[in-house]
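Everything on this sheet refers to the single structure shown next.
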Amino acid sequence: GIESLRIGGSLYKVVPLHAKCVPLMNARVDGKPVEPIAWTFERADGGKSFYTSLGHEKEFEQECFVRLLENAIQWGLNH
């Protein structure tokens, strides 16, 4: 199921993402449009990138955020 993450910091404006980016997570600040906060990107040469604008100390206290990071590392390592 979908879990909620309590964001401890602010939200960056990043839209529009490159067409080959795969958004994994979105967030919204009241009264503002939805923004992606985590995504992946695979280059034509096989290189992989994971990005998240999260990282406030309060986010590291949440299991779902730590799991997101662990999964991103495993994906990047091709496991």
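The values are calculated or read from the model by the stated rules, or taken from the named source; none is laboratory data. Being a predicted model, the structure only gives us computed values, none of them experimental. For neighbour counting, all protein chains shown are included, and Cβ atoms are generated from backbone atoms with ideal geometry for every residue, glycine included. Surface areas here come from the heavy atoms of the whole protein model, side chains and all, with no ligands, DNA or RNA. Shrake-Rupley method; radii C 1.70, N 1.55, O 1.52, S 1.80 Å.
Data for the structure
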| item | result |
| --- | --- |
| Members of the stretch 41-62 found to be under 13 Å from I7 (Cα atoms) and open to solvent by 100 Å² or more (accessible area, probe 1.4 Å), listed by number | E57, K58, F60, E61 |
| S10 vs. criteria open to solvent by 40 Å² or more (accessible area, probe 1.4 Å), among the small types (G, A, S) and at pLDDT 95 or above | no |
| Some residue of the stretch 33-40 being surrounded by fewer than 16 Cβ atoms within 10 Å (Cβ to Cβ), modelled with pLDDT of 90 or more and of a type outside the set (G, A, S) | no |
